[in-house]
Amino acid sequence: MKLSELDTPALIADLDLLEQNLAAMQMHADALGLRLRPHTKAHKIPALARMQLEHGAAGICVAKLGEAEVMARGGIEDILITTPIAGDIKYRRLIQLIRDYPQCRFTQVIDNPAQVSPLATLATAAKVEVALMIEVESGQARCGVAVGDALKELIVQINAVPALRFAGIQAYSGHLQHIKGFAERTRAARDAVAPLFDYIERELKPLGLAPTVVSGAGTGTFAACEGLGFTEIQAGSYLFMDSSYRQIGDERGDSFETFHTALKVWTTVISTPTPNRAVVDAGSKCLSTDMGPAQPEGRSDLSYRSGGDEHGILTLSDGCAPLALGEQLMMIPSHCDTTLNNFSTLYGVRGDEVVCSWIIEGRGRSD
Ligand SMILES: Cc1ncc(COP(=O)(O)O)c(C=O)c1O
């Protein structure tokens, strides 16, 4: 099928660019001597996770148990769940997941002693081992136990239960990913985790409590990990990229060119009410706005804003030729994760040919 034959709005992955992104991040991780454990919350598709593993990734991250269920069902065998869970329903689901997929290695992130004893009781009764990674505070003021005695005590508490295994430390500084300017971003990312690596050396190592895995960093900060003590990178957005990441800059300049914008939304002009205004069929239920408006691809003479759930308003700058009713336009999302979560299907495109499609199986699985 030709792209022009595809009904809209449609979520598109440019496969040539996506494959370049896959290879580029794996190459960077290899050069840094770090394992890549890509965050699949960006795509939520087991087939894409398999592509990442085939390119050399050492397992994947998911944000939620629901995504873990989707990925395990899709045949992925090493899954880190990066968001802490709380409550009996979730603890039981985790145990069930481990029982349902004995061939898989699941690791659950926690950050509180109160999560340990219910999991210990359930794991012991079910005769399974639960691997727990401790999230530490690394500047984001989101989840994470403070680096210090509370961290040490949590490790000791986990180690005391035969059915539990201390699987490492997660330090993800999400608030730093979009700092503009490579040098400033790198400095901030390294400063944020310096107390953790200092504490590991000074306090945990002498007690035999040092983690064998330290997992963290995203698309904006992976390069800052060099030589710090991280063992794996959790970047996710690199696979698709988006316009908000584009603006953060890299070593070479103001535009982040290390990865290509491979995720797009194909739209149709459904109304042309005035000479300088046209409306496309993709509003905020398609193109998320949490990181700003989408950008019409290759069209600096057009700007996009949401016109509501189902309408996207294009403003034509002076001199721009009028858009025709039915004309198709490609949009670059401002945020890949939240845009993808609006769609059921992702179409793979090479040039102007639609060559494959995937059901977005983890879509909406924030449970
Ligand atoms: C815990 C965690 N790790 C990794 C990532 C991936 O970051 P990015 O998509 O910026 O590469 C995220 C994204 O939100 C995250 O929450």
Where does the stretch 1-107 land on Rg/Rh, using Cα atoms and the Kirkwood Rh?
1.05
Considering only Cα-Cα distances, which of the following residue pairs are longer than 27 Å: Lys90/Lys152; Lys2/Lys180; Lys64/Lys264?
Lys2/Lys180
Got a sec? Charge dipole of the chain, +1 on Cβ for Lys and Arg, -1 for Asp and Glu; which of Gln157, Ala42, Leu65 is way out at the positive end?
Gln157
Amide H partners (placed H, <5 Å) of Ser357, local residues excluded
Gly348
Averaged per residue, what accessible area in Å² does the chain show with a 1.4 Å probe, protein chains only?
41
In the stretch 15-246, how does Rg compare with the Kirkwood Rh, expressed as the Rg/Rh ratio over alpha carbon atoms?
0.96
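How far, in nm, would the chain grow between Gln96 and Thr274 when pulled straight, counting 0.36 nm per residue and subtracting the alpha carbon separation?
Numbers: separation 178, 0.36 × 178 = 64.08 nm, distance 5.76 nm.
58.3 nm is the gain from fully extending Gln96 to Thr274.
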Full extension from Asp149 to Glu54: what is 0.36 nm times the residue separation minus their Cα-Cα distance, to one decimal in nm?
30.2 nm
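Fully extended, how many nm does the chain gain between Gln103 and Asp191 (0.36 nm per residue separation, minus their Cα-Cα distance)? Don't skip to the answer; put the middle values down first.
Numbers: separation 88, 0.36 × 88 = 31.68 nm, distance 3.84 nm.
Full extension of this stretch gives 27.8 nm more.
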For the stretch 288-293, Karplus couplings with θ = phi - 60° (6.51, -1.76, 1.60), whole Hz, Gly/Pro x
5, 10, 5, 10, x, x
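About the Cα centre of the stretch 15-246, how large is the charge dipole given +1 on each Lys and Arg Cβ and -1 on each Asp and Glu Cβ? Please answer in debye to the nearest 20.
Numbers: 23 positive and 24 negative charges, 80 e Å.
Dipole of the stretch 15-246, to the nearest 20 debye: 380 debye.
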If one computes the Cα centroid of the stretch 178-244 and of the stretch 277-334, what distance in Å separates the two points?
36
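Got a number for carbon plus sulfur as a percent of the stretch 252-367's accessible area, 1.4 Å probe?
Working: 2620 of 5330 Å².
For the stretch 252-367, the apolar C and S fraction of the accessible surface comes to 49 percent.
Would you mind telling me the share, in percent, of accessible area of the stretch 15-246 contributed by carbon and sulfur at probe 1.4 angstrom? Display every interim value, and only then the final one.
Numbers: 4740 of 8940 Å².
The nonpolar share, carbon plus sulfur, comes to 53 percent.
Report the relative contact order of the chain, percent, no decimals, based on alpha-carbon pairs under 8 angstrom and at least 6 residues apart. Walk me through the intermediate numbers first.
Values: 797 pairs, mean separation 77.7, N = 367.
Value for the chain: 21 percent.
Between Arg142 and Glu5, what's the calculated FRET efficiency when r is the beta-carbon distance and R0 is 41 Å? Round to 0.05. Walk me through the intermediate numbers first.
Working: r = 44 Å, r/R0 = 1.07.
After rounding to 0.05, the efficiency reads 0.40.
The values are calculated or read from the model by the stated rules, or taken from the named source; none is laboratory data. All values derive from a computational prediction rather than experimental measurement. Cβ coordinates were reconstructed from backbone atoms using ideal geometry, including for glycine residues, and neighbour counts include every protein chain displayed. Just so you know, the surface numbers come from the protein's heavy atoms only, side chains and all, with ligands and any DNA or RNA stripped out. Shrake-Rupley method; radii C 1.70, N 1.55, O 1.52, S 1.80 Å.
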